[in-house]
Amino acid sequence: MAVDYSIIGSRLKQARIKAGLTQQELAEKTNLSIAFISRIERGSSHINLKRLSEFCSILDVSEGYILNGVADSDENYLYNEFNDILKKCSPEKQKLIYKISKMIAEDDN
């Protein structure tokens with residue numbers, strides 16, 4: 001699966017706006033140029049994981065949200081991923097996964 005930097009950039013832009021920061025303010029906090037911030041937000045420049053982590057820390061958002069669109073604190077976290085796995089399994093395997101999941105969920109330890 002290829003990384004879609006335009007989606008990542010769009011999520012970063014939304015997080016920046018939600019945090020109440022301008023591109024200039026984010027550029028100052030990250031020691032980057034406004035032009036580079038703009039290119040990242042448009043998806044025309046790639047962002048490495050170290051820089052992504054720095055952005056997420058400043059913007060108070062999880063890397064998981066930026067990369068997947070789902071915050072790991074969201075109650076639907078991994079819902080789609082589990083559904084995708086189950087769709088690929090035979091009915092017998094689905095039943096097994098269900099039984100194991102149920103045992104784990106009901107465990108009081």
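Taking the stated definitions as given, is Tyr77 more than 16 Å from Ile7 (Cα to Cα), modelled with pLDDT under 90 and of a type in the set (Phe, Trp, Tyr)?
Criteria met by Tyr77.
List pairs: first in segment 36-51 and in the same structural domain as Leu12 (by TED's automatic domain parsing), second in a loop (DSSP other than H, G, I, E, B) and hydrophobic (A, V, I, L, M, F, W, C), Cβ under 7 Å, 6+ apart or cross-chain?
Ile40/Ile47
Looking at Lys50 and the list (1) closer than 17 Å to Tyr5 by Cβ; (2) modelled with pLDDT under 95; (3) surrounded by 13 or more Cβ atoms within 10 Å (Cβ to Cβ); (4) not aromatic (Phe, Trp, Tyr), which single condition is not satisfied?
Checking Lys50 against (1) closer than 17 Å to Tyr5 by Cβ; (2) modelled with pLDDT under 95; (3) surrounded by 13 or more Cβ atoms within 10 Å (Cβ to Cβ); (4) not aromatic (Phe, Trp, Tyr), the one that fails is (3).
Restricting attention to segment 34-44, report how many residues are surrounded by 15 or more Cβ atoms within 10 Å (Cβ to Cβ) and farther than 18 Å from Lys18 by Cβ.
Total satisfying the criteria: 3.
The values are calculated or read from the model by the stated rules, or taken from the named source; none is laboratory data. For clarity, every value in this text was computed on a predicted model and none was experimentally measured. Neighbour counts are summed over all protein chains in view; Cβ atoms, including those assigned to glycine, are modelled from backbone coordinates with ideal geometry.
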